[in-house]
Amino acid sequence: GENVEQHPSTLSVQEGDSAVIKCTYSDSASNYFPWYKQELGKGPQLIIDIRSNVGEKKDQRIAVTLNKTAKHFSLHITETQPEDSAVYFCAASLGGTASKLTFGTGTRLQVTL
Amino acid sequence: DTGVSQNPRHKITKRGQNVTFRCDPISEHNRLYWYRQTLGQGPEFLTYFQNEAQLEKSRLLSDRFSAERPKGSFSTLEIQRTEQGDSAMYLCASSFSLETQYFGPGTRLLVL
């Protein structure tokens, strides 16, 4: 089955700096890659997603890039703010009827003042 | 609010007892998913429904676990004869066909 690896496990940045989280996946047939933000005691919230027919997608301070050849995708957060502090998860899905998500192990992002 | 709702939010039970969780998906979402999340890990897929049909079950879903979605709306997840290893956050998500999965707040289970 699909396997998703995520790095780093923890990331500390100063407010205003950029943060980058990287994921790799194993199944070349995966075609949908969402990113979720999870705050303490809450369920994951979708922040951005990308499909395999797109190389990059941006939404304000958040962007995701996808390299299908390398089976690699990354989350970029610019101008970080303290409220960005949370655990971020990448995920991959084969799509279609096999739409279950396989998650990475998470990255704890700490934005310091 | 029309998001995914889950009840109860917290459940403490003794080993060997049965527990049941409920998930109410976003209205008109035909797919409903259950995931389990242990501390420090990402959510792991358990099972999913399209309307009332259970289409896939993970190997994580032992015989003690059963899920239903009788009318294609809300779903229940029952764990029989709970074990300490069942302690986790149980997350429900819903989607409309192949689109984005939206998660509920989860039910945190503690088995003593």
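Counting alpha carbon pairs within less than 8 Å and at least 6 residues apart, what relative contact order, in whole percent, applies to the range B:14-93? Please list the in-between numbers first.
Values: 160 pairs, mean separation 33.0, N = 80.
Relative contact order of the range B:14-93: 41 percent.
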May I ask you to order B:28-35, B:57-64 by the average number of other C-beta atoms within 10 Å around their residues, highest value first? B:28-35, B:57-64
Length gain on complete extension for the stretch B:Phe96 to B:Ser62, per 0.36 nm per residue less the alpha carbon to alpha carbon distance? 9.5 nm
Roughly how many nanometres apart are two label points built 7 Å out from the Cα toward the Cβ at B:Thr76 and A:Glu39? 3.3 nm
Sort A:41-48, A:58-65 by packing, meaning the average of other beta carbons within 10 Å per residue, with the highest value first. A:41-48, A:58-65
Using the Karplus curve 6.51 cos²θ - 1.76 cosθ + 1.60 with θ = phi - 60°, work out ³J(HN,Hα) for each residue of the range A:33-50 in order, rounded to whole Hz, and write x for Gly and Pro. 9, x, 10, 10, 10, 10, 9, 4, x, 10, x, x, 10, 5, 10, 6, 9, 9
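Within a 10 angstrom radius of each residue's Cβ in A:19-28, how many Cβ atoms of other chains show up on average? Whole number is fine.
Details: counts 0, 0, 0, 0, 0, 0, 0, 0, 0, 0.
For this peptide, the per-residue mean of nearby foreign Cβ atoms is 0.
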Can you tell me the relative contact order of chain A? Whole percent, Cα pairs under 8 Å, sequence separation 6 or more. 37 percent
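Evaluate the protein assembly as shown: find the radius of gyration of its Cα atoms, find its Kirkwood radius, and give the ratio Rg to Rh.
Working: Rg = 17.5 Å, Rh = 18.0 Å.
So for the protein assembly as shown, dividing Rg by the Kirkwood Rh gives 0.97.
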When you look at the Cβ of every residue in A:43-53, what mean number of other chain Cβ atoms sits within 10 Å? 3
Which three extents, in whole angstrom, do the alpha-carbon atoms of the range A:39-113 cover along their principal axes, largest first? 41, 26, 19
Taking +1 at the Cβ of each Lys and Arg and -1 at the Cβ of each Asp and Glu, which of B:Ile26, B:Thr47, B:Ser66 sits farthest along the dipole of the protein assembly as shown towards its positive end, judged by Cα position relative to the Cα centre? B:Ser66
Would you mind ranking B:Thr20, B:Thr38, A:Thr107 by Cβ crowding within 10 Å, fewest neighbours first? B:Thr38, B:Thr20, A:Thr107
Per-residue mean of C-beta atoms belonging to partner chains within 10 Å, peptide B:37-49: 5
Determine the gain in length on full extension of the stretch B:Gln84-B:Thr38; use 0.36 nm per residue of separation and subtract their C-alpha separation, reporting nm with one decimal. 15.3 nm
Cross-link reach from A:Lys57 to aspartates and glutamates, straight Cα distance under 16 Å and at least 8 residues apart if same chain, gives A:Asp49
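Given +1 on the Cβ of Lys and Arg, -1 on the Cβ of Asp and Glu, and no further charges, what dipole in debye does the range B:61-109 carry about its Cα centre, rounded to the nearest 20? Before the final figure, lay out each step's value.
Values: 5 positive and 6 negative charges, 23 e Å.
Using only the charged Cβ atoms, the result is roughly 100 debye.
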In order through the range B:96-112: 3J(HN,Hα) via Karplus (6.51 cos²θ - 1.76 cosθ + 1.60), integer Hz, x for Gly, Pro: 9, 6, 9, 7, 3, 8, 10, 9, x, x, x, 10, 8, 10, 10, 9, 8
Dipole magnitude of chain A about its Cα centre (Cβ charges: Lys, Arg +1; Asp, Glu -1), debye to nearest 20: 320 debye
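We did not get these values from a lab; they are worked out from the coordinates using the rules stated. Given the structure is predicted, the values throughout are model-derived calculations rather than measurements. No Cβ is skipped: glycine too gets one built from the backbone with ideal geometry, and neighbour counts run over all protein chains shown.
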